[in-house]
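Novice: Got a structure here, written out as structure tokens. Questions coming.
The values are calculated or read from the model by the stated rules, or taken from the named source; none is laboratory data. What you see is a predicted model; the values in this text were computed from it and never measured. Here the Cβ positions follow ideal geometry from the backbone for every residue, glycine too, while neighbour counts run over all protein chains shown.
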Amino acid sequence: MFASRRLTFNVAVGLMALVVLPGCQGSKAPPPPSGPSKSVGALARLQPGDGVINVGVAPGERLLEVLVHENDSKAVSANQLLARLGSYPLRKAEHDLAVSQRDEARSQLAAIRANGAQELAQAKVRRQIVVEVEPLDIKAQKDKVAYLEKQLTTARDNLSRLQSLEKGTVPAQQLEQNQLLVSQAESELDTARSLLDKAVRGHDLNVQAADAQLRVIEATLKATEQKIPLESLERTVAVAAERLTFSEVRAPAQPEQMVVLEVLGRPGELTSGQPVFRLGDTSRMYAVAEVYETDVNRIRQGQSARISSRALETVLQKALQKDYLPGVVESVGRSVSRNSLFAVNPAAETDRRVVEVKIRLERSDVVAGFVNMEVQVAIDVDD
């Protein structure tokens, strides 16, 4: 009877081994979706095209205001403002003060230049008068001198003719009158010549004075402009603007459009150096598969793949009327590392050497709301 019980126990243990052991062998990956028999199965996680972008802040800052939220329907654009830090009010006041001082300096400089331009214009007009009008006066005076020279010549000729006549034939009074005319003509000619010489000399000096006045005005204007520290104030504004950016949290420059996947900080909290926002471009979704190092040599760019998950069965059937989401292998990694995804089977290997393979999904919109979800992938291979 004891032998019979022992036989029964051994049979029971053997049946348990037949039932339990196959499930405990721990396949390298969960069963792939239905499809061609020549395929490589692997675990994968759903990721945006550029991965999950962590946006953080230096430790010790306090969040003042969070401007985006996880449920926002509007996408986040490149460099968009996401949050403000506690130092923002002070940095903003410093920036506004620097801008105000710079603008005042600009106004002063503009007024100085406008006034200087008027003075220069007036000085140029005065010089133009000297250069263009005074020569006309000199010419007129030269003409007058020439006329008086002819007049004096005529008066002397008349006097000489009267003096050459015989005495007694010309009245003394007439002779005196002609002598007076000669003296008057000589006096007028001397005066005209003096005025002409004065006009010529004065013109030369007036040109020199006008040129000197222009130089003085230009030098004064330049010296006054240099007293306005506009360049220094411009640099102060630039520094204040740069300091202001340190009190703001902005989205990265790339990609151009993102969605807020997660907000990890709240107004009033102190930052610890950890991410405050997680962003991603869900318009281009990928499955990042961890393929065994022994299978990766069978993977090629352009191969078709099928992505499935029990959690996505209803979503896939509704959107595609399929139990899997098609995709194409876009890139195969070049380094081998330890796996970060683990099968549900507790007996599965936990320390595997894998290579990451990026699979571009044909319908990103179907799984855009499932970032980081673990899925199963079957990659169709040639052999």
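Novice: Can you tell which of Val182, Val263, Val216 is touching a Phe, Trp or Tyr at 6+ places or on another chain (Cβ under 7 Å) and among the hydrophobic types (A, V, I, L, M, F, W, C)?
Specialist: Val263
Novice: Now for a different question. Which of the strands (runs of 3 or more DSSP E) contained wholly in segment 219-327 include at least 1 residues that are under 27 Å from the mean Cα position of the chain (by Cα) and in contact (Cβ under 8 Å) with a residue 12 or more places away in the chain?
Specialist: 248-250, 257-263, 275-280
Novice: Could you please give the count of residues in segment 263-312 that are in contact with a Lys or Arg (Cβ under 6 Å, 6 or more places away or on another chain) and closer than 15 Å to Asp50 by Cα?
Specialist: 2
Novice: Another question, if that's okay. Identify, by number, the condition in (1) over 38 Å from the mean Cα position of the chain (by Cα); (2) surrounded by 12 or more Cβ atoms within 10 Å (Cβ to Cβ); (3) free of Cβ contacts under 8 Å to residues at least 12 places away in the same chain that Gln151 doesn't meet.
Specialist: Against the list (1) over 38 Å from the mean Cα position of the chain (by Cα); (2) surrounded by 12 or more Cβ atoms within 10 Å (Cβ to Cβ); (3) free of Cβ contacts under 8 Å to residues at least 12 places away in the same chain, Gln151 comes up short only on (3).
Novice: A follow-up question, please. Looking for something over 23 Å from Val57 (Cβ atoms) and at pLDDT 90 or above - is there at least one such residue anywhere in segment 262-269?
Specialist: No.
Novice: Hey, can you tell me all the residues within segment 122-136 that are in a helix (DSSP H, G or I) and without any contact (Cβ under 8 Å) to a residue 60 or more places away in the chain? Working first, answer last.
Specialist: Pass one, segment 122-136, residues in a helix (DSSP H, G or I): 122-132, 134-136.
Scanning segment 122-136 gives Gln122, Val125, Gln128, Ile129, Glu132, Leu136.
Novice: Looking only at segment 106-127, decide whether some residue is crowded, with 17+ Cβ neighbours inside 10 Å and farther than 30 Å from Asp204 by Cβ.
Specialist: No, every residue in segment 106-127 fails to be crowded, with 17+ Cβ neighbours inside 10 Å and farther than 30 Å from Asp204 by Cβ.
Novice: Within segment 83-127, can you find the residues that are out of contact with any Lys or Arg (no Cβ under 6 Å at 6 or more places or on another chain) and closer than 26 Å to Leu270 by Cβ?
Specialist: The answer is Ala83, Arg84, Leu85, Ser87, Tyr88, Pro89, Leu90, Lys92, Ala93, Glu94, His95.
Matching residues to (1) outside the structural domain of Gly116 (by TED's automatic domain parsing); (2) buried (at least 19 other Cβ atoms within 10 Å of the Cβ); (3) more than 20 Å from Leu64 (Cβ to Cβ):
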site	(1), (2), (3)
Glu225	no, no, yes
Ala238	yes, no, yes
Ala241	yes, no, no
Leu261	yes, no, yes
Arg266	yes, no, no
Ser272	yes, no, no
Asp281	yes, yes, yes
Ala287	yes, yes, yes
Glu293	yes, no, yes
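Novice: Something else about it: Quick one: is Arg193 touching a helix residue (DSSP H, G or I) at 6+ places or on another chain (Cβ under 6 Å), within 30 Å of Glu149 (Cα to Cα), of a type outside the set (A, V, I, L, M) and assigned to a helix (DSSP H, G or I)?
Specialist: yes
Novice: Among what's in segment 66-80 and is under 25 Å from the mean Cα position of the chain (by Cα) and surrounded by fewer than 15 Cβ atoms within 10 Å (Cβ to Cβ), pick the residue that is modelled with the lowest pLDDT.
Specialist: This residue is Lys74.
Novice: Given the structure, is Glu119 at pLDDT 90 or above and assigned to a helix (DSSP H, G or I)?
Specialist: yes
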